[in-house]
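Engineer: Sharing a structure, written as structure tokens. Questions coming.
The values are calculated or read from the model by the stated rules, or taken from the named source; none is laboratory data. All figures in this text were calculated on a predicted structure; none of them were measured in a lab. Cβ atoms come from the backbone with ideal geometry, glycine included; neighbour counts cover every protein chain shown.
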Amino acid sequence: MILNAVLCGCGAMAKGWLRAIKQTPALAAAIEVRGLVDVNPAAAEALAAEFGLKGAVIGSDLANVIAKTSADIVFDVVIPTARFNVVSTALKAGCHVLSEKPMATSLAEGAALIDLAAETGKIHAIIQNRRFISGVRRMRRFVASGVIGDLTAIHCDFFLGPHFGGFREEMDNVLLLDMAIHTFDAARYVADKKPLAVYCIERNPKGSWYKHGASANATFEFSDDVVFTYRGSWCAEGERTSWESEWRLVGSKGMLTWDGGDTFNAAVAGNEPGLLHGFTPVNVPEPAHEEETHGHASVISGFVEAIETGKRPETASSDNIRSLAMVFGAIESAKTGKRIEISA
């Protein structure tokens with residue numbers, strides 16, 4: 001079965017989606033991008049030329065392009081403020097939708113989209129591509145193995161200084177809303193726990209080139225007494241972390257650290273006498289399912305599989321709203337100075 005697709009939002013982010021499809025034979029065979037939509041048709045035309053999408057219908061009206069292309073699916077790569085209208089239009093037109101994150105600009109909008117997907121019988125999923133990398137899958141498998149005992153805490157550091165220009169530099173809560181959601185979602189996945197509450201301090205530090213909220217420190221309470229702490233900045237020049245953050249997982253029997261790149265270290269308690277009992281290094285196995293470690297391509301593959309089989313995709317909006325709730329809980333805590341309970 002070949003799925004006719006319309007891609008809505010033809011900025012820089014869209015290239016990662018199209019590249020993943022083009023470079024993955026199974027996806028290239030399953031998906032035909034027949035339409036491109038953007039408020040700037042010239043951007044859509046340039047994208048079509050760059051990726052050889054000859055004959056693609058180009059326009060600025062999503063409903064019209066869906067009708068002209070007989071679309072089965074819509075790839076939503078628009079800016080967050082346009083997302084609710086785009087997803088609603090696509091679902092009502094009978095299309096399955098795969099969206100960029102965040103899935104909505106409020107929990108109320110997110111809940112409304114979940115309800116609309118259920119009403120229309122269509123799949124709505126989110127491209128949380130950073131949970132589909134080798135390091136994150138590896139951590140999840142290692143925690144589930146029980147080697148370091150029961151998970152008690154996750155600690156993440158994220159310090160970078162990207163100069164994007166464009167809409168990000170004008171956003172409110174830019175770090176929490178646009179980037180931290182990746183780490184929050186990955187932590188929730190690795191822990192396999194439900195987020196319950198958060199306390200957060202957000203700042204826009206001296207020297208920041210962003211309008212608002214370029215740094216944040218948050219402490220989350222997960223179910224089963226697991227604590228997740230996040231320290232981050234998007235205006236931190238100098239020695240930087242990986243885009244995937246630096247991780248420390250603390251268990252009842254030992255710890256795992258990951259630098260966000262290639263280096264994993266894990267150890268359990270040793271048997272040395274005295275104040276500190278030392279430690280015994282342990283191996284951290286590679287992910288069991290290599291096909292799940294290709295970022296965008298893995299998410300899109302899961303989305304296609306869900307359409308073909310009816311299986312719920314891992315990043316279905318009905319699950320992803322919990323990651324969104326972590327973000328909005330942190331934002332509310334930062335605004336009010338209070339611990340905020342997470343209800344999603």
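Engineer: Within the range 1-45, take every residue that is of a type in the set (S, T, N, Q) and outside any helix (DSSP H, G or I) and give me the one that is farthest from Ile307 (Cα to Cα). Show your work before the answer.
Structural biologist: Residues of the range 1-45 of a type in the set (S, T, N, Q): 4, 23-24, 40.
Checking the rest, the ones that are also outside any helix (DSSP H, G or I) come to 4, 24, 40.
On the way: Asn4: 12, Thr24: 18, Asn40: 30 Å.
In this case the residue turns out to be Asn40.
Engineer: May I ask you to list the residues in the range 236-288 that are more than 25 Å from the chain's Cα centre (by Cα), over 15 Å from Arg138 (Cα atoms) and not in a strand (DSSP E or B)?
Structural biologist: If the condition is that a residue be more than 25 Å from the chain's Cα centre (by Cα), over 15 Å from Arg138 (Cα atoms) and not in a strand (DSSP E or B), then Gly238, Ser252, Lys253, Gly270, Asn271, Glu272, Pro273, Gly274, Leu275, Leu276, His277, Gly278 are the ones that fit.
Engineer: I've got another one for you. Identify all residues within the range 191-235 that are in a loop (DSSP other than H, G, I, E, B) and within 14 Å of Val174 (Cα to Cα); write none if there are none. Quick ask: steps written out before the conclusion?
Structural biologist: Filtering the range 191-235 for residues in a loop (DSSP other than H, G, I, E, B) gives 192-194, 204-214, 226, 234-235.
Asn204, Pro205, Ser208, Trp209, Tyr210, Lys211, His212, Gly213, Ala214, Trp234, Cys235 - these are the residues of the range 191-235 that are in a loop (DSSP other than H, G, I, E, B) and within 14 Å of Val174 (Cα to Cα).
Engineer: Any idea which of Thr229, Thr219, Thr241 is without any contact (Cβ under 8 Å) to a residue 24 or more places away in the chain, surrounded by 13 or more Cβ atoms within 10 Å (Cβ to Cβ), out of contact with any helix residue (DSSP H, G or I) (no Cβ under 9 Å at 6 or more places or on another chain) and closer than 25 Å to Leu160 by Cα? Before you say what the answer is, go through the steps one by one.
Structural biologist: Numbers: Thr229 fails: without any contact (Cβ under 8 Å) to a residue 24 or more places away in the chain; Thr241 fails: without any contact (Cβ under 8 Å) to a residue 24 or more places away in the chain.
The match here is Thr219.
Engineer: Filter the range 281-309 down to the residues that are hydroxyl-bearing (Ser, Thr, Tyr) and within 18 Å of Met1 (Cα to Cα) and list them by number. Show your work before the answer.
Structural biologist: Quick first cut of the range 281-309, residues hydroxyl-bearing (Ser, Thr, Tyr) only: 293, 298, 301, 309.
Within the range 281-309, Ser301, Thr309 qualify.
Engineer: Residue by residue through the range 45-82, note down the ones that are within 17 Å of Glu32 (Cβ to Cβ), touching a strand residue (DSSP E or B) at 6+ places or on another chain (Cβ under 9 Å) and surrounded by fewer than 14 Cβ atoms within 10 Å (Cβ to Cβ).
Structural biologist: Those that are within 17 Å of Glu32 (Cβ to Cβ), touching a strand residue (DSSP E or B) at 6+ places or on another chain (Cβ under 9 Å) and surrounded by fewer than 14 Cβ atoms within 10 Å (Cβ to Cβ): Gly55, Ser70.
Engineer: Where residues in the range 168-186 are among the acidic types (Asp, Glu) and in contact with a helix residue (DSSP H, G or I) (Cβ under 9 Å, 6 or more places away or on another chain), which of them is modelled with the lowest pLDDT? Working first, answer last.
Structural biologist: If we filter the range 168-186 for residues that are among the acidic types (Asp, Glu), which is where we start, we get 169-170, 172, 178, 185.
Filter once more, keeping what is in contact with a helix residue (DSSP H, G or I) (Cβ under 9 Å, 6 or more places away or on another chain): 172, 178, 185.
Details: Asp172: 93, Asp178: 89, Asp185: 96.
Among those that are among the acidic types (Asp, Glu) and in contact with a helix residue (DSSP H, G or I) (Cβ under 9 Å, 6 or more places away or on another chain), it is Asp178.
Quick grid of which residues meet (1) within 21 Å of the chain's Cα centre (by Cα); (2) not hydrophobic (A, V, I, L, M, F, W, C):
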residue: Gly11; (1), (2): yes, yes
residue: Pro25; (1), (2): no, yes
residue: Val33; (1), (2): no, no
residue: Leu36; (1), (2): no, no
residue: Ile58; (1), (2): no, no
residue: Val65; (1), (2): no, no
residue: Lys68; (1), (2): no, yes
residue: Pro80; (1), (2): yes, yes
residue: Arg83; (1), (2): yes, yes
